[in-house]
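Here the structure is laid out as structure tokens; the discussion comes afterwards.
The values are calculated or read from the model by the stated rules, or taken from the named source; none is laboratory data. Note that this is a predicted model, so its numbers are computed, not measured. Quick reminder, even Gly has a Cβ in these numbers, built from the backbone with ideal geometry, and neighbours come from all protein chains shown.
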Amino acid sequence: MNIKRAFTLAELLVSLAVVGIIAALVLPSLNSSVDKSANADAMKKAYYYLGEVLEMPKSMGDPYTKWDYSTLTGETVYNKLKPFLSITKECLGTTGCWTTESVVGLNNATAEGFSSSGYGESAVSFRMADGIAISIAMSANDLNVDRKNQTTPVFAIDANGDDAPNQLGDDIFLFVLGDNGLLPAGNDVSDGIGNCKEDGLGTDCAARILREGSRKY
């Protein structure tokens with residue numbers, strides 16, 4: 001006699017329940033990893049784009065190497081670059097372009113210097129067509145980038161706009177206009193990692209991602 005065995009309804013339901021539990025445990029981690037990778041890619045895209053834009057005023061006889069940093073503000077830097085930017089919205093010292101949520105570090109501590117207007121005092125911010133938000137301000141914080149001018153333009157990039165987590169090193173990254181052009185915060189940390197780690201603030205993560213090619217922390 002040929003006896004054919006099959007799953008009972010109870011066994012099938014148990015199997016589906018186990019698969020569902022495993023999926024519930026694994027999928028959030030996978031989604032988080034995908035989001036982090038997408039944010040890193042968006043950051044790199046914005047960084048290279050800004051680097052190109054910063055070279056363009058040179059064609060009008062106004063290279064950034066000749067700017068008088070003692071008189072610059074976030075708005076004057078923005079106005080120098082605006083003719084070369086492709087933006088959908090601008091916010092000059094006002095809200096509406098930058099996230100209104102609090103920005104935190106990788107260690108979940110509040111990141112100082114951020115407001116609903118962007119990063120730094122008298123910040124200006126704008127939105128790109130792809131949803132990336134960028135803020136410009138003058139800052140005396142060197143952010144681990146060597147430069148001859150004590151106060152320099154700092155660019156903050158929010159890679160996914162208003163979406164969570166609004167966290168340094170995850171979707172928010174900082175760049176400094178240094179002596180050799182636009183450089184990622186953390187560019188000159190001795191160990192290549194700085195505070196770009198789980199218990200760190202995350203300001204040095206732009207440099208680490210660009211150095212390592214992707215987010216691995």
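Numerical summary
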read-out: Flag if ALA156 is touching a strand residue (DSSP E or B) at 6+ places or on another chain (Cβ under 8 Å), small (Gly, Ala, Ser) and in a helix (DSSP H, G or I); value: no
read-out: Hits in the range 120-141 (condition: of a type in the set (Val, Ile, Thr) and outside any loop (DSSP other than H, G, I, E, B)); value: VAL124, ILE134, ILE136
read-out: Residue match in the range 80-92 (condition: hydroxyl-bearing (Ser, Thr, Tyr), touching a residue at least 40 places away in the same chain (Cβ under 8 Å) and at negative phi); value: yes
read-out: Conditions (1) small (Gly, Ala, Ser); (2) surrounded by fewer than 18 Cβ atoms within 10 Å (Cβ to Cβ); (3) closer than 17 Å to GLY113 by Cα: number failed by SER190; value: (3)
read-out: Qualifying residue in the range 163-174 (condition: surrounded by fewer than 19 Cβ atoms within 10 Å (Cβ to Cβ), among the hydrophobic types (A, V, I, L, M, F, W, C) and either in contact (Cβ under 8 Å) with a residue 12 or more places away in the chain or within 20 Å of THR100 (Cβ to Cβ) (or both)); value: yes
read-out: Condition check for VAL145: assigned to a loop (DSSP other than H, G, I, E, B), in contact (Cβ under 8 Å) with a residue 40 or more places away in the chain and in contact with a strand residue (DSSP E or B) (Cβ under 7 Å, 6 or more places away or on another chain); value: yes
read-out: Residue among ARG147, ARG127 that alone is buried (at least 16 other Cβ atoms within 10 Å of the Cβ) and in contact with a Lys or Arg (Cβ under 7 Å, 6 or more places away or on another chain); value: ARG127
read-out: Breaking point among (1) modelled with pLDDT of 95 or more; (2) outside any helix (DSSP H, G or I), for VAL53; value: (2)
read-out: Enumeration of residues in the range 62-98 that are out of contact with any Gly (no Cβ under 9 Å at 6 or more places or on another chain) and among the small types (Gly, Ala, Ser); value: SER70, SER86, GLY96
read-out: Scope the range 120-162; condition within 11 Å of CYS97 (Cα to Cα) and of a type outside the set (A, V, I, L, M); matching residues; value: SER125, PHE126, ARG127, GLY131, SER135, ASP158, GLY161, ASP162
read-out: The range 52-67 residues that are surrounded by 11 or more Cβ atoms within 10 Å (Cβ to Cβ), paired with ones that are of a type in the set (Gly, Ala, Ser) (beta carbon under 7 Å, 6 or more apart); value: LEU54/GLY181
